Amino acid sequence: KFKPKLSFRLDNRFSFTATTPSKIIAFKIGAEFNEKFKVGGGYNLLNSTLSKPVYFKENGVDTVLTSNLKMSYMSYFIEYVFFRNKRWEFSIPLQLGIGNTHYEYRFGEFKFRNNWSIIVNYEASVSGQYKIIKWVGIGAGFGYQLMLKDNPAIKENFNTPIYVVKIKIFMGDIYRSVFPKKKK
């Protein structure tokens with residue numbers, strides 16, 4: 001019954017891969033209905049310092065290179081806002097992702113991938129935000145990431161708690177302040 005509004009977001013979620021702190025960077029686009037229900041998709045990328053050595057021989061010489069853990073996936077999300085007033089908003093975001101994990105290293109001008117495999121993950125969390133001024137807010141959230149299909153060749157554990165700390169810029173409010181609707 002409600003006309004959807006287009007929404008964009010760039011978000012970061014923090015977690016642990018094995019015992020190493022990591023961050024998932026996501027760009028999402030979707031639609032928002034009546035400021036209560038959001039649905040859409042996005043691209044997510046793991047930003048982690050986790051690495052392992054790769055050993056091989058080149059011209060009879062033992063060579064050791066560092067390979068870095070990589071994870072990227074497309075996601076589909078829904079979010080239900082269960083409380084909202086002038087300053088506060090609390091919601092339940094759910095996300096299902098399909099992508100891959102692998103180790104990646106460079107040798108000369110070439111990039112190589114080891115242990116590449118498809119993954120499927122699910123995230124559920126609770127999130128809140130406080131609108132400081134009309135255009136800016138702060139927020140936090142926590143939840144859990146669960147691997148529904150994991151990469152058997154990678155031993156790191158991706159089943160982990162996630163937490164979110166955010167600064168939110170309300171682009172729609174900025175736009176409406178700069179370009180107000182003309183009264184008839």
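The values are calculated or read from the model by the stated rules, or taken from the named source; none is laboratory data. In this text, all values refer to a predicted model and were calculated from it rather than measured experimentally. Please note: Cβ atoms are built from the backbone with ideal geometry, for glycine as well, and neighbour counts cover all protein chains shown. Side chains are part of the model used for accessible areas, which takes the heavy atoms of the whole protein and leaves out ligands, DNA and RNA. Shrake-Rupley method; radii C 1.70, N 1.55, O 1.52, S 1.80 Å.
Of all the residues in the stretch 79-99, those that are more than 22 Å from Phe14 (Cβ to Cβ) and surrounded by 15 or more Cβ atoms within 10 Å (Cβ to Cβ) number 1. For the stretch 123-158, filtering for residues that are under 30 Å from Ser51 (Cα atoms) and of a type outside the set (Asp, Glu) leaves 19. From the list Ser117, Ser127, which residue is open to solvent by less than 60 Å² (accessible area, probe 1.4 Å) and under 26 Å from Phe33 (Cβ atoms)? Only one candidate passes the filter, namely Ser127. Filtering the stretch 1-31 to residues that are open to solvent by 60 Å² or more (accessible area, probe 1.4 Å), at pLDDT below 90 and closer than 26 Å to Ile154 by Cα leaves Phe16, Thr19, Pro21.
Scanning the stretch 130-165 for residues that are open to solvent by 70 Å² or more (accessible area, probe 1.4 Å), farther than 28 Å from Arg87 by Cβ and in a loop (DSSP other than H, G, I, E, B) yields a count of 3. The single condition among (1) buried (at least 17 other Cβ atoms within 10 Å of the Cβ); (2) at positive phi that Asn34 does not satisfy is (1). When we screen Val120, Val54, Val81 for residues that are farther than 25 Å from Phe142 by Cβ, in contact (Cβ under 8 Å) with a residue 12 or more places away in the chain, of a type in the set (A, V, I, L, M) and assigned to a strand (DSSP E or B), the only hit is Val54. Among the numbered conditions (1) at pLDDT below 95; (2) surrounded by 15 or more Cβ atoms within 10 Å (Cβ to Cβ); (3) not hydrophobic (A, V, I, L, M, F, W, C), the only one that Tyr76 does not meet is (1).
Between Tyr103, Tyr163, the distinction of being among the aromatic types (Phe, Trp, Tyr) and either touching a residue at least 60 places away in the same chain (Cβ under 8 Å) or over 30 Å from Val64 (Cβ atoms) (or both) belongs to Tyr163 only.
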